[in-house]
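Inspection log for the structure reproduced underneath, given as structure tokens.
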Amino acid sequence: MAAGATGAGRRRLLRRGPWELLATVLIGLGVVMLMQPFAMTLFTYSFITILTGTVMFIIVSHFPE
């Protein structure tokens, strides 16, 4: 059986810390995209980026430590 398919492998993959960090970075990136004055494309996708990071943070907060 592959290491990723074992219970310990899944628990290691679903740890809260790295995923919370990624969600927080996504939220921060979305805010920067929202406030920059140069590219309309970045501004356009800023809301969906913030929303994705927020939903991801809510889901990840239920992961085990």
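The values are calculated or read from the model by the stated rules, or taken from the named source; none is laboratory data. Because the structure is predicted, anything quoted here is derived from the model rather than measured. Here Cβ is always computed from backbone atoms with ideal geometry, including for glycine, and neighbour counts include all displayed protein chains.
Below are the figures for this structure:
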{"item": "Elements of type helices (runs of 4 or more DSSP H) in the chain, at least 1 residues being surrounded by 10 or more Cβ atoms within 10 Å (Cβ to Cβ) and of a type in the set (Asp, Glu)", "result": "16-35"}
{"item": "Residue satisfying condition, being touching a Leu at 6+ places or on another chain (Cβ under 6 Å) and either within 26 Å of PHE63 (Cβ to Cβ) or modelled with pLDDT of 95 or more (or both), within set MET33, MET40", "result": "MET33"}
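So that you can scan it fast, the table gives a plain yes or no per residue for (1) under 18 Å from LEU14 (Cβ atoms); (2) touching a Ser or Thr at 6+ places or on another chain (Cβ under 6 Å); (3) aromatic (Phe, Trp, Tyr):
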{"residue": "THR24", "(1), (2), (3)": "yes, no, no"}
{"residue": "LEU51", "(1), (2), (3)": "no, no, no"}
{"residue": "PHE57", "(1), (2), (3)": "yes, no, yes"}
{"residue": "PHE63", "(1), (2), (3)": "yes, no, yes"}
